[in-house]
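A single structure is presented below for examination.
Bear in mind these aren't lab numbers, they're just calculated from the coordinates by the rules spelled out. What you are looking at is a predicted structure, and each value in this text was computed from that prediction instead of being measured. Here the Cβ is made from the backbone with ideal geometry for all residues, glycine too, and neighbour counts use every protein chain on show.
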Amino acid sequence: MAVSAKMYGLFLKSLANKEVDLDSDTLKVMLCTSTYSPNQDTHQYKSAVTNEVTGTGYTAGGQTLTSVTVNYDSSSNTLSLDAADPSWTGSTITARYAVFYDSTPATDSTRPLIAYVDFGADISSSGGPFTITLDAAGIATITAA
């Protein structure tokens, strides 16, 4: 499934307050059920995220992102955050949302949220891979105007 993420608005506040270092912190993606209701305007930390999926092949807290890159494109004045497509092999799970966050801080109430994806419907795997194909532009982009 190819997906585009929506950035949590307060992620920008977390960046400004030096709570996130995209180059060196450990970034993760977790999966949530359809009963989670993301709020771009009020959710800032992982403690606001509810209804994480459970199932075979899935570990609570999600998966660490690999091949994380942060790039600035001067022709479009765009900063982008990208990573390798996350996948849970041999999984039996159902998810509606993927939530990207910084897992480096010590507690869920201090782990900044970055972005989330709404798959538009429940997506399931049954003893096989559950893969998120990230947008070619990256997980999130910020344009300087």
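Run Gly90 past the list (1) farther than 23 Å from Phe11 by Cβ; (2) in contact with a helix residue (DSSP H, G or I) (Cβ under 7 Å, 6 or more places away or on another chain); (3) small (Gly, Ala, Ser) and report the number of the one that doesn't hold.
Every listed condition holds for Gly90 apart from (2).
Tell me the residue from Tyr36, Tyr45, Tyr8, Tyr72 that is touching a helix residue (DSSP H, G or I) at 6+ places or on another chain (Cβ under 6 Å) and not basic (Lys, Arg), please.
Unique residue meeting the criteria: Tyr45.
Looking only at the stretch 93-122, count every residue that is surrounded by fewer than 17 Cβ atoms within 10 Å (Cβ to Cβ) and either hydrophobic (A, V, I, L, M, F, W, C) or part of a helix (DSSP H, G or I) (or both) and tell me the total.
Going through the stretch 93-122 one residue at a time, the tally reaches 6.
Restrict the check to the stretch 6-13 and report whether at least one residue is surrounded by fewer than 18 Cβ atoms within 10 Å (Cβ to Cβ), out of contact with any His (no Cβ under 7 Å at 6 or more places or on another chain) and in a helix (DSSP H, G or I).
Checked against the condition, which is being surrounded by fewer than 18 Cβ atoms within 10 Å (Cβ to Cβ), out of contact with any His (no Cβ under 7 Å at 6 or more places or on another chain) and in a helix (DSSP H, G or I), the stretch 6-13 yields at least one hit.
Restricting attention to the stretch 50-57, does a residue exist that is assigned to a loop (DSSP other than H, G, I, E, B) and either closer than 30 Å to Ala144 by Cα or aromatic (Phe, Trp, Tyr) (or both)?
Taking every residue of the stretch 50-57 in turn, none turns out to be assigned to a loop (DSSP other than H, G, I, E, B) and either closer than 30 Å to Ala144 by Cα or aromatic (Phe, Trp, Tyr) (or both).
Quick grid of which residues meet (1) closer than 13 Å to Tyr116 by Cβ; (2) surrounded by 16 or more Cβ atoms within 10 Å (Cβ to Cβ):
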site	(1), (2)
Gln40	yes, no
Glu52	yes, yes
Thr56	no, no
Tyr72	no, no
Ser75	no, no
Leu79	no, yes
Asp82	no, yes
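Can Gln40 be described as within 14 Å of the chain's Cα centre (by Cα) and within 20 Å of Ser124 (Cβ to Cβ)?
So Gln40 does not fit the description; no.
Those residues that are part of a loop (DSSP other than H, G, I, E, B), surrounded by 12 or more Cβ atoms within 10 Å (Cβ to Cβ) and not small (Gly, Ala, Ser), I need them from the stretch 58-70; list them, please.
Selection gives Tyr58, Leu65, Val68.
Can we say Lys18 is within 18 Å of Thr104 (Cα to Cα), free of Cβ contacts under 8 Å to residues at least 24 places away in the same chain and either among the polar types (S, T, N, Q) or not in a helix (DSSP H, G or I) (or both)?
When the stated conditions are applied, Lys18 passes them.
Does Leu81 satisfy being under 20 Å from Ala136 (Cα atoms) and touching a residue at least 60 places away in the same chain (Cβ under 8 Å)?
yes
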